[in-house]
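Every read-out reported here was derived from the displayed coordinates using simple, explicitly stated rules and does not represent laboratory data. Note that this is a predicted model, so its numbers are computed, not measured. When we count neighbours, we look across all protein chains shown, and the Cβ atoms used for this are built from the backbone with ideal geometry, even at glycine.
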Amino acid sequence: MRRIVLIVLAVFAIARLSAAQIQTLKIDPNHSSAEFAVRHLGISTVRGDFQKVSGEVSYDPADVGKSSIEAAIDASTVNTRIEARDKDLRSPHFFDVEKYPVITFKSKHNEAAGAGKLRVTGDLTMHGVTKEVVMDVDGPTPPVKDPSGNIRMGAAATTKIDRRDFGIEGAAATVGDEVQITLDVEMINASSPAKSAQSK
């Protein structure tokens, strides 16, 4: 009987240790960005970003395969520093933000891709269309404590898509089809004592 009790306690302890390894982090919108780059007339690269990114990351440093990420981007915050162009990007010619206000990414599979690197496969939903994409990730960085006592980590992820796959076909004569996307995120531990908005 004593042996059975010890086995049960050992299993419980292992389960608690495993659960403790998994960290839940929130994407800090104040220190994160979603950027894109696309060719114009095949001679220059136009860059822009979305100014509102949010989401949650579940990270297991002992087994990256158990980690996951869900991110949401407010499509209406697209910014290329040219107001007329941004207005066109928000229109039905491109993102059609009134009909499709949010761009989302939800991971399905993660794997190590070398020291400090991950390969994350997931579903990207944009313009009402969902396609599987693979993101190459640098990070996450080692955790650090900010002056307010928050635990933070960072990561940068890149991928390339064909905008036509998502039904975005405006300005086909001048704007390239291949778009490079970069997510540069800072994450804050969900159990940290201070909120991200309070930290600078």
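Below 13 angstrom from the Cβ of V137, what's the summed charge of the other residues (Lys, Arg +1; Asp, Glu -1)? Write out the running numbers ahead of the final one.
Values: positive: K117, R119; negative: E111, D136, D138, D184.
Spelling it out: positives minus negatives among the neighbours equals -2.
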Fewest-first ordering of K106, K87 by Cβ atoms within 10 Å yields K87, K106
For V144 and D60, extending 7 Å from Cα along the Cα-Cβ vector and measuring point to point gives, in nm, a value of 2.8
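Using R₀ = 25 Å, calculate the FRET efficiency as 1/(1 + (r/R₀)^6) where r is the Cβ-Cβ separation of A173 and V134; round to 0.05. The partial results should precede the final answer.
Numbers: r = 30 Å, r/R0 = 1.18.
That pair, A173 with V134, gives E of 0.25.
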In this structure, among K106/K145; K99/K160; K26/K108, pairs with alpha-carbon gaps over 22 Å are K106/K145; K99/K160
Across the alpha-carbon set of the range 20-194, Rg over Rh with Rh taken as the Kirkwood radius works out to 0.99
Partner aspartates and glutamates whose C-alpha sits under 15 Å from that of K87, ignoring same-chain residues fewer than 8 away, are D49, D74, D96, E98
Residue separation between Q180 and E35 times 0.36 nm, minus their alpha-carbon distance, gives in nm 51.4 nm
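If I stretch the segment between K117 and R85 completely, what's the gain in nm (0.36 nm per residue apart, minus their alpha carbon distance), one decimal?
Values: separation 32, 0.36 × 32 = 11.52 nm, distance 3.51 nm.
Value of the extension gain: 8.0 nm.
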